[in-house]
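Asker: Would you mind keeping the following structure in view while I ask a few things?
Just so it is clear, none of the values below were taken in a lab; they were calculated from the coordinates. This one's a predicted model, so the numbers in the text were calculated from it and none came from an experiment. With ideal geometry, Cβ positions are generated from the backbone for all residues, glycine too; neighbour counts draw on all protein chains shown.
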Amino acid sequence: MTAPSSSGRPARFIPLGQADFQRLEHAGYLKGLLQPFKGKGSLEAWASQCMALRDELIVLAQRQVLPQARAYPFNLLDVQLAQQTTGAGTTFLRWRNLDRSAMGVTLWQELIANVATPPSLLNDLYVLEQQRIVLNMQISLLHTLGRQAQDCANKAAQAEEIFLRRLGHRSSRPSSPTLTHHIPPHTDWESGGLFNH
């Protein structure tokens, strides 16, 4: 499972390829953003798709990236790649030292600059860092989109509740005129008189 690196040596780390991503159920997600959402249900469904795809990417990192990063000869280094679960409920790849007293990209930078790091591993460590950066970005975007979609679904549900409450109020007073032209004459639209969000 090795391929030649740019230096001509066999690569110790093989980054994810297009075939790995094609196995994920992302087609519906990509088309899902630009559609005429029609209320809470469709927004919640898309939010679930985003979160499911985020979780699939995390599993992909756990099954294909981390095992390579923890195998020989990377396991001989003082800095290793690990996963970090955040309070927001998602997981990212981070560099950390062996005693877990420090974490962050600075450790990778120091590892690259350290003359004790074998030159034969420099290219692999560079490719591994590129993989980490991209995966974290993809996971973060999916997590954010999912949360935004869920928040939008909650707002849509609130709007529907207010709308239906108003319709119910109207139906109990059949003599009331229709809702057109009921905007107060001095509403300050710019300052958010009626629409304050």
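Asker: Figure the gain on full extension for T144 and D55 (residue separation times 0.36 nm, minus the Cα-Cα span) and round it to one decimal in nm.
Answerer: Roughly 30.8 nm would be gained on extension.
Asker: Return the distance in nm (one decimal) between the two label points of a simple spin-label model at R165 and L66, each offset 7 Å from Cα along Cα→Cβ.
Answerer: The answer from the label model is 4.6 nm.
Asker: Moving on to the next point. I need the trypsin sites (Lys or Arg not before Pro) found in the stretch 45-128, filtered to DSSP loop residues with at most 10 other beta carbons within 10 Å of theirs. Working shown, then result.
Answerer: Values: sites: R54, R63, R70, R94, R96, R100; in loops: R70, R100.
Listed in order of number, the matching sites are R100.
Asker: Once the piece of chain linking M103 and I14 is laid out straight, how much longer is it, given 0.36 nm per residue of separation minus the C-alpha distance between them?
Answerer: 29.7 nm
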